[in-house]
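Trainee: What follows is a single structure, and I will ask about it in a moment.
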Amino acid sequence: MNNYGILKSGTDIRGRAIESEGKSAPLTEQAVRDIASAFALWIMRRMDKPRCKIAIARDSRLTSEGFARAIVAELKYAGLEIFDCGMFSTPAAYMVTQFPSMFADGSIMITASHHPRDINGLKFFTADGGVNSAQLDEIIELADNGEKPERSSTSTVIRRDFLRLYCDSLTETIRKGTGLFLPLKGLKIAVDAGHGVGGFFAKRVIEPLGGNIAPSQYLEPNGNFPAHAPNPEDADAMQSLKNRVISTGADLGIIFDADADRCAVVTADGTEINRCRLIALAAAMVLPDHQGATIVTDSVTTEGLRRFIEAHGGVQKRFKRGYRNVIDEAKRLCDEGVDAPLAIESSGHAAFADHYFLDDGAYFIAKILVVMSALRKKGLSLNDLIADLEVPLEERDIRLGFTCENWQDVAEKIITRLTAMSERMLKLSNDNYEGVRAYVSHADGYFIVRTSVHDPVLPIYIESNKAGGSLSIMRLLYSFLNGFAGVDCTPLYEMIVEAEQEQAIEQQEAAEADEATDEEYSTEADDEYEAAEGDYAAETDETYEAAEGDYAAETDETYEAAEGDYAVQTDEAYGTEDEAQTDEVYDVGDEYETYASDEQPEAVETED
């Protein structure tokens, strides 16, 4: 009996397909054959008909083409009608169940999304959407038991350009939404497919609509993904697209993951719109026509996003991480009569109610292009739609790996104890559906610690609106998590050290800046004082000289006037009393000598 349950990852099959780093590859060609046969049998029983239509599609991974050939060969005598789609996107693999010319009963997509080159997997679809976890368990059980369709008649294998149907539906969506046949004429658009399958969007959607795709990069499929990780969440991938947009003067940058079910964009000024910004953009697009509606998101979203959605007339429901979880929750709400037009993950999976609740990156971009066209007529941009989104001062994303086989047990223990600690010491969120979301008041922020949907890792997200707040929260979590065996806290420790170094550099630069400011102020004050002193001295001299001149002139005039008056007065006096007195004195004889000096005269003896 087989044990293919080890390959289950959420609602997908996923595993190592190429031996690397000394690790075995459990996703073998035989495993793929067995699981695909089990799916075909499951579909036949579900549809209750012997000859079903099943589509086989693949991405650009190194092992995908070989796996596709193996599946077609395995189902050769199952009496099926097989659509061999070749290289395809995951959303297109679902849409073949909806196109009238195909109406496939089920489809198999060979992909591992954004994961490294040595990983691969399988996704399964029916006309109702992707299979859920319980349905996948049924398929795995059939494969474990070796159950397959009976070898009856030969299957019919049809090879055709099925991707054309999907591309035509996208161009029709954009033309209908804009009312224009060439709505992208005059626009330069950079598409980054990351060497996955998304290059078709540039050549078969944008170009036929009049867009200039010259700024695009990495459109050629290459399973080694040499440029960067095909992942809209990856910082290097987003930076690469941003650089391309700015250097080419593109009006918009578009990035897809490897199988094009996720996306993100970069606007003309280099603004990266992914994660919470992308959710805000999607919400702003649907809420004008759905006031009071519920936007279902995953748990790893910011407080600013919640306030943004509420300000635009919506209600956010934070649900479990995992695109199937948010999609199924939105479907459930709609079934109960709640308006839930959008289910979206911060990873870039976005599913709209008007598009089968299919997480389709290309369809999301098509809707963005329609909105962008309308905004341009008003002189606005995509940035204007999310201008009031509050962005945290600090954010941290950390993933801690487990080093033990029973990592699920360790993860459960961590979540249980962290919840208890947070209840005692912190403030737990009242709208959380997975892991622990707790507020740390002294850091003006919060953290989310949860278990991964697919991998043996412990993802941690931290947000703070206080400088140094994220460092404080990291120290708190490290002191708690470092006591658990089986989890590697090294990435958290390294980020703490890095943050401390950054903080020390910032403090040093601030101190140097203050010192430079003080020195500059002192020098500036001295210069201002010397300049003022010079101005004052010159002004004083001028004032003094002017005053001196005025005084001299005034004194001369006064002196001359006084001298004239004195002369007249003296002459008059001399001609009267003084003249008579003088004559009398001189009549006495030389009894006295007169002195011109101010010294007191000495007594002079006279003869008797």
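The values are calculated or read from the model by the stated rules, or taken from the named source; none is laboratory data. Computed from a prediction, not measured in an experiment: that's the story for all the values here. Glycine also receives a Cβ, built like all others from the backbone with ideal geometry; neighbour counts cover every protein chain displayed. These area figures cover heavy atoms from the full protein model, side chains too; ligands, DNA and RNA do not enter into them. Shrake-Rupley method; radii C 1.70, N 1.55, O 1.52, S 1.80 Å.
Trainee: Whole-Hz Karplus ³J(HN,Hα) for the range 472-483, in order, using 6.51 cos²θ - 1.76 cosθ + 1.60 and θ = phi - 60°, x for Gly and Pro?
Mentor: Along the range 472-483, the couplings run 4, 5, 4, 4, 4, 5, 5, 5, 7, 6, 5, x Hz.
Trainee: Hey, another quick one. Would you work out which of 363, 145, 435 lies farthest towards the positive end of the dipole of the chain? Charges go on Cβ: Lys and Arg +1, Asp and Glu -1.
Mentor: 145
Trainee: State the Cα centre-to-centre distance between the range 108-140 and the range 306-329 in whole Å.
Mentor: If we compute the Cα centre of each part, the gap is 24 Å.
Trainee: Same structure again: 7 Å from Cα along Cα→Cβ at both residue 393 and residue 375: what's the point-to-point distance in nm?
Mentor: Between residue 393 and residue 375, the label points sit 2.8 nm apart.
Trainee: Would you please put 316-322, 194-200 in order of how densely packed they are, using the mean number of other Cβ atoms within 10 angstrom per residue and starting with the highest?
Mentor: Final packing ranking: 194-200, 316-322.
Trainee: Order 115, 312 by their accessible area, 1.4 angstrom probe, all chains in place, largest first.
Mentor: From most accessible down to least: 312, 115.
Trainee: Highest mean first, how do 182-190, 102-110 rank when packing is the count of other Cβ atoms within 10 Å averaged over residues?
Mentor: Values: 182-190: 19.3, 102-110: 23.4.
Per-residue Cβ counts within 10 Å, averaged per peptide and sorted highest first, yield 102-110, 182-190.
Trainee: Moving on to the next point. Show me the ranking of peptides 25-38, 338-351 by mean Cβ neighbours inside 10 Å, starting with the highest.
Mentor: Peptide ranking by packing, descending: 338-351, 25-38.
Trainee: With charges only on Cβ, +1 for K and R and -1 for D and E, what is the dipole size of the range 268-327 about its Cα centre, in debye, rounded to 20?
Mentor: Approximately 360 debye in magnitude.
Trainee: Could you work out [θ]222 nm for the chain from helices alone, using -39500 (n - 2.57) per DSSP H run of at least four and dividing by all its residues? Round to the nearest 500 deg cm²/dmol.
Mentor: For the chain, the value works out to -14500 deg cm²/dmol.
Trainee: Angle, helix 133-144 long axis vs. longest principal axis of the chain, Cα atoms, 0 to 90°, nearest 10?
Mentor: So the helix axis and the longest Cα principal axis differ by about 40 degrees.
Trainee: Tell me, what HN-Hα J-couplings in whole Hz come from the Karplus equation 6.51 cos²θ - 1.76 cosθ + 1.60 at θ = phi - 60° for each residue of the range 155-160, using x for Gly and Pro?
Mentor: Once θ is set to phi - 60°, the couplings for the range 155-160 become 6, 9, 10, 10, 10, 7 Hz.
Trainee: Of 162, 47, 62, which is farthest along the charge dipole of the chain in the positive direction, counting Lys and Arg as +1 and Asp and Glu as -1 at C-beta?
Mentor: 47
Trainee: So, with +1 on the Cβ of K and R and -1 on the Cβ of D and E, and no other charges, what is the size of the charge dipole of the range 235-372 about its Cα centre, to the nearest 20 debye?
Mentor: So the dipole magnitude of the range 235-372 works out to roughly 340 debye.
Trainee: Between Rg and the Kirkwood Rh of the range 377-489, both from Cα atoms, what is the Rg to Rh ratio?
Mentor: 1.08
Trainee: Angle between the Cα long axis of helix 64-74 and the longest principal axis of the chain, 0 to 90 degrees, nearest 10?
Mentor: Around 20 degrees separate the two axes.
Trainee: Give me, ordered by chain and number, the residues 5 or more places off residue 428 or on other chains with an amide H under 5 Å from its own placed amide H.
Mentor: 439
Trainee: Moving on. Which label belongs to the value computed from this structure, given these candidates for Rg and Dmax of the Cα atoms in Å: (i) 28.8, 93; (ii) 33.5, 104; (iii) 44.3, 185?
Mentor: (iii)
Trainee: List every residue whose amide H lies under 5 Å from the amide H of residue 158, counting only residues 5 or more places away in sequence or on a different chain, with H placed 1.01 Å from N in the peptide plane.
Mentor: 82, 83, 84
Trainee: What's the angle, to the nearest 10 degrees (0 to 90), between helix 323-335's Cα axis and the longest principal axis of the chain?
Mentor: 80
Trainee: At a 1.4 Å probe radius, carbon and sulfur cover how many percent of the accessible area of the range 232-277?
Mentor: 40
Trainee: Nothing charged except the Cβ atoms of Lys and Arg (+1) and of Asp and Glu (-1): what's the magnitude of the dipole of the range 347-426 about its Cα centre? Round to the nearest 20 debye.
Mentor: 260
Trainee: Further, regarding this structure: What's the extension gain from residue 29 to residue 488 if we count 0.36 nm per residue and subtract their Cα-Cα distance?
Mentor: Full-extension gain reported as 161.9 nm.
Trainee: Continuing with this model, one more query. Under the Karplus relation 6.51 cos²θ - 1.76 cosθ + 1.60, θ = phi - 60°, what is the ordered set of whole-Hz ³J(HN,Hα) values for the range 3-17, x standing for Gly and Pro?
Mentor: 9, 7, x, 5, 8, 6, 9, x, 10, 10, 9, 8, x, 6, 10
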